[in-house]
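A.B. asks: There's a structure below that I have some questions on.
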Amino acid sequence: MVGQERPKVLVTGASGFLGRPLVAALADAGYGVRAATRSPTEFPPGVDRALVPDFTRPVDWDPILRGVRMVVHTAGLAHADSSQIPLDLFDRINRAATQELVASAARAGVAHFVFISSVRAQIGASAVHALHEEDEPRPTDRYGRSKLDAEIAVRASGVPFTIIRPVVIYGRGAKANIRLLIRMASLPLPLPFAAFDNRRSILGVDNLVSAIVFALDHPATIGETYLIADPEPVALRDIFAMLRSARGRRPGLVWVPPAIFHLALTTLGLRYLWDRIGGELVVDTSKFESLGWRPQVDTYDGLAAMLNDPEEGAQVASGGTSR
């Protein structure tokens, strides 16, 4: 779109972990931006604000979509342990609300609808082989199934779409699994993960933002689904080493056979935790990269920037969350 006036984009979840940096990046790239959020939030100059209610009830999107040519739907419900959230709530917020938004987008003649789904729409917490977009989706929990159902609604809407399935995302304000890793790495103790060479694909929020902007800029992404991650998967032990190195510390890892963790967690009925810390989850991003996209931030640099952010450091020190 070089040399052309860029269209207006609606971003849902605009005040969230992904939405806030995405709004800023789109504004910097010259897009008109309308930011949909549940509470008043400061955005860059020129960004329109649209206050919307909680997605537990329908939203009248028609007036919000007037003048909008593109939509990036980032809003949704996620939880580290989705079994603690009622199934109907996941369906309402992730599937039904998406269906309502994309139906309104169809009425408005939206030219491109980018839906931020999740790798969990395709697989559980681990996989025995590298994932490709063509693999049959096999979500294993309520969250993943609700995201897959939302994808189906987007595809059936008739609106030109791109579906993005990111892996676990790190960056300022990260929660859940990343927050747990940060807190563990911050402990003044050795960690028993030197033997954990299982690899995990992870994704810097800045890299995800760049992928979304790339998708909006490239019509070739329409009608496609993409797995997005940093360039190389990282072994769990190396993630801890990176986190500690970013704070100027030695890795401080000791050797404990992973089989002991597997036995203990399985015996305690916590097999799901083993899948997260002991299993592999590697995605192949070659489909998206074949279009010319490249991650902007190296994994180590991204983790270091996250940890060295003053607000992030204060949150870790206090044991609080950043959102």
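A.B. asks: Go through V11, V33 for me and flag whichever is buried (at least 23 other Cβ atoms within 10 Å of the Cβ) and either within 15 Å of the chain's Cα centre (by Cα) or of a type in the set (S, T, Y) (or both).
C.D. replies: Details: V33 fails: either within 15 Å of the chain's Cα centre (by Cα) or of a type in the set (S, T, Y) (or both).
The conditions single out V11.
A.B. asks: Shifting gears a bit: From the residues in region 155-192 that are under 19 Å from T74 (Cβ atoms) and polar (S, T, N, Q), which one is surrounded by the fewest Cβ atoms within 10 Å (Cβ to Cβ)?
C.D. replies: Of everything passing the filter in region 155-192, N177 is surrounded by the fewest Cβ atoms within 10 Å (Cβ to Cβ).
A.B. asks: Given the criterion aliphatic (A, V, I, L, M), modelled with pLDDT of 90 or more and surrounded by 15 or more Cβ atoms within 10 Å (Cβ to Cβ), identify the matching residue among I222, I277, I260.
C.D. replies: Numbers: I277 fails: modelled with pLDDT of 90 or more; I260 fails: surrounded by 15 or more Cβ atoms within 10 Å (Cβ to Cβ).
One residue alone meets the criteria, I222.
A.B. asks: Out of (1) buried (at least 18 other Cβ atoms within 10 Å of the Cβ); (2) touching a helix residue (DSSP H, G or I) at 6+ places or on another chain (Cβ under 6 Å), what's the single condition that is false for D238?
C.D. replies: (2)
A.B. asks: Right, another one. Criterion first (in contact (Cβ under 8 Å) with a residue 60 or more places away in the chain, aromatic (F, W, Y) and assigned to a strand (DSSP E or B)) does Y226 satisfy it? Even if it seems obvious, please write down each step before you answer.
C.D. replies: Details: in contact (Cβ under 8 Å) with a residue 60 or more places away in the chain: yes; aromatic (F, W, Y): yes; assigned to a strand (DSSP E or B): yes.
Criteria met by Y226.
A.B. asks: Here's another thing I want to ask about it. Of a type outside the set (K, R), in contact (Cβ under 8 Å) with a residue 24 or more places away in the chain and touching an Asp or Glu at 6+ places or on another chain (Cβ under 8 Å), is that true of A235? It would help to see each step written out before you state the result.
C.D. replies: Numbers: of a type outside the set (K, R): yes; in contact (Cβ under 8 Å) with a residue 24 or more places away in the chain: yes; touching an Asp or Glu at 6+ places or on another chain (Cβ under 8 Å): yes.
Yes; evaluated as a whole, the condition is true for this residue.
A.B. asks: Here is a list: G109, G3. Which entry is at positive phi and at pLDDT 95 or above? Spell out the reasoning first.
C.D. replies: Numbers: G3 fails: at pLDDT 95 or above.
Answer to the check: G109.
A.B. asks: For region 280-297, what are the residues that are closer than 14 Å to P233 by Cα and over 17 Å from the mean Cα position of the chain (by Cα)?
C.D. replies: Within region 280-297, E280, S286 meet the criteria.
A.B. asks: Go through region 86-139 and give me each residue that's of a type in the set (A, V, I, L, M) and either in contact with a helix residue (DSSP H, G or I) (Cβ under 7 Å, 6 or more places away or on another chain) or within 17 Å of F288 (Cα to Cα) (or both).
C.D. replies: Here is the first cut: in region 86-139, the ones of a type in the set (A, V, I, L, M) are 87, 89, 93, 96-97, 101-103, 105-106, 108, 110-111, 114, 116, 119, 121, 123, 125, 127-128, 130-131.
Across region 86-139, the qualifying residues are L87, V102, V114, I116, V119, A121, A125, A130, L131.
A.B. asks: Still on this structure, I have one more. Restricting the search to region 106-153, which residues are more than 18 Å from the chain's Cα centre (by Cα), free of Cβ contacts under 8 Å to residues at least 60 places away in the same chain and buried (at least 16 other Cβ atoms within 10 Å of the Cβ)?
C.D. replies: Across region 106-153, the qualifying residues are A108, V110, A153.
A.B. asks: Another question about this same structure. Only one residue in F17, F43 is over 21 Å from P160 (Cβ atoms) and touching a Gly at 6+ places or on another chain (Cβ under 6 Å). Which one? I'd like the intermediate steps shown before the answer.
C.D. replies: Values: F43 fails: touching a Gly at 6+ places or on another chain (Cβ under 6 Å).
Being over 21 Å from P160 (Cβ atoms) and touching a Gly at 6+ places or on another chain (Cβ under 6 Å) holds for just one of F17, F43, which is F17.
A.B. asks: Consider region 235-264. How many of its residues are assigned to a helix (DSSP H, G or I) and under 27 Å from the mean Cα position of the chain (by Cα)?
C.D. replies: Looking only at region 235-264, we keep the residues that are assigned to a helix (DSSP H, G or I), and these are 236-246, 258-264.
Filter again for under 27 Å from the mean Cα position of the chain (by Cα), leaving 236-246.
Of the residues in that region, 11 qualify.
The values are calculated or read from the model by the stated rules, or taken from the named source; none is laboratory data. Just so it is clear, the model here is predicted, and its values are computed rather than measured. Cβ atoms come from the backbone with ideal geometry, glycine included; neighbour counts cover every protein chain shown.
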